[in-house]
1. When the residues of region 40-70 are narrowed to those that are of a type in the set (Gly, Ala, Ser) and in contact with a Leu (Cβ under 9 Å, 6 or more places away or on another chain), which ends up farthest from Lys143 (Cα to Cα)?
2. Name every residue in region 102-113 that is surrounded by fewer than 20 Cβ atoms within 10 Å (Cβ to Cβ) and either modelled with pLDDT of 95 or more or over 18 Å from Gly133 (Cβ atoms) (or both), in order of residue number.
3. Considering only region 71-88, state which residues are touching a helix residue (DSSP H, G or I) at 6+ places or on another chain (Cβ under 9 Å) and open to solvent by 40 Å² or more (accessible area, probe 1.4 Å).
4. If you check Arg99 against the conditions, is it open to solvent by 40 Å² or more (accessible area, probe 1.4 Å), basic (Lys, Arg) and within 17 Å of Leu9 (Cα to Cα)?
5. Which ones in region 64-83 are touching a residue at least 60 places away in the same chain (Cβ under 8 Å) and assigned to a loop (DSSP other than H, G, I, E, B)?
6. From the list Tyr101, Tyr105, Tyr43, Tyr37, which residue is closer than 24 Å to Val125 by Cβ and touching a strand residue (DSSP E or B) at 6+ places or on another chain (Cβ under 7 Å)?
7. Could you run through region 1-31 and say how many residues are in a loop (DSSP other than H, G, I, E, B) and among the hydroxyl-bearing types (Ser, Thr, Tyr)?
8. Mind checking whether some residue in region 32-45 is open to solvent by less than 20 Å² (accessible area, probe 1.4 Å), assigned to a helix (DSSP H, G or I), of a type in the set (Lys, Arg) and closer than 20 Å to Cys15 by Cβ?
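The values are calculated or read from the model by the stated rules, or taken from the named source; none is laboratory data. Since the model is a prediction, treat every value here as computed from it, not as a measurement. Counting neighbours? That spans all protein chains shown, and the Cβs are built from the backbone with ideal geometry, glycine included. Note: areas computed on protein heavy atoms with side chains; ligands, DNA, RNA excluded. Shrake-Rupley method; radii C 1.70, N 1.55, O 1.52, S 1.80 Å.
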Amino acid sequence: MAYSERELLARLIECEAGGEGDVGMAAVASVVMNRVYTPYGEYARVSDGGSIRNIIYQKNQFTCAMETVGGKYNPQNIYNMNPTNIHYAIADWAMGGGRLYSLGYALWFYNPFSRECRQNFPSEVGSFITKIGGHCFYNPTEKYLDT
């Protein structure tokens, strides 16, 4: 049986940011929903009018949506997650329109495993906005419009 979009989002939140606290998990959920509802660029085409599923499963976007990484089994994937009430609550909040406004319209995040965040996301499609926990967040630039 296929997971509902709510279930997928809760699992992704747990997998990508389960150790980042409520704000970190809400930030990841905000990025997913920003991608779902952005009116331009690559994610507008991928979401096809609002599909969380399409955004989560877009190739090479979320490591947690991949069962293999670099040809090896990825044990930290959404299928191995066991979301709890907090993950569902954050998913419901985000799906209901909640966003962390300090993120602006962030479409990307990554963990640099260092104190510093680079100023631009690859190909300069994103510019650094903030760091929450171990993740750096990026807002789209004009270059994103051409994706």
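1. Selected residue: Ala65.
2. Taking region 102-113 and keeping what is surrounded by fewer than 20 Cβ atoms within 10 Å (Cβ to Cβ), we get 102, 104-105, 110-113.
Of everything in region 102-113, just one residue is surrounded by fewer than 20 Cβ atoms within 10 Å (Cβ to Cβ) and either modelled with pLDDT of 95 or more or over 18 Å from Gly133 (Cβ atoms) (or both), namely Tyr105.
3. Taking region 71-88 and keeping what is touching a helix residue (DSSP H, G or I) at 6+ places or on another chain (Cβ under 9 Å), we get 74, 76-84, 86-88.
Matches in region 71-88: Gln76, Tyr79, Asn80, Asn82, Thr84, Ile86, Tyr88.
4. On the way: open to solvent by 40 Å² or more (accessible area, probe 1.4 Å): yes; basic (Lys, Arg): yes; within 17 Å of Leu9 (Cα to Cα): yes.
Judged against the criteria, Arg99 is a match.
5. Hits for region 64-83 are Gln76, Asn77, Met81, Asn82, Pro83.
6. Values: Tyr101 fails: touching a strand residue (DSSP E or B) at 6+ places or on another chain (Cβ under 7 Å); Tyr43 fails: touching a strand residue (DSSP E or B) at 6+ places or on another chain (Cβ under 7 Å); Tyr37 fails: touching a strand residue (DSSP E or B) at 6+ places or on another chain (Cβ under 7 Å).
Every option except Tyr105 fails the conditions.
7. Just the residues of region 1-31 that are in a loop (DSSP other than H, G, I, E, B), to begin with: 1-4, 18-20.
Still in the list and also among the hydroxyl-bearing types (Ser, Thr, Tyr): 3-4.
The number of residues fulfilling the criteria is 2.
8. Yes, because at least one residue in region 32-45 is open to solvent by less than 20 Å² (accessible area, probe 1.4 Å), assigned to a helix (DSSP H, G or I), of a type in the set (Lys, Arg) and closer than 20 Å to Cys15 by Cβ.
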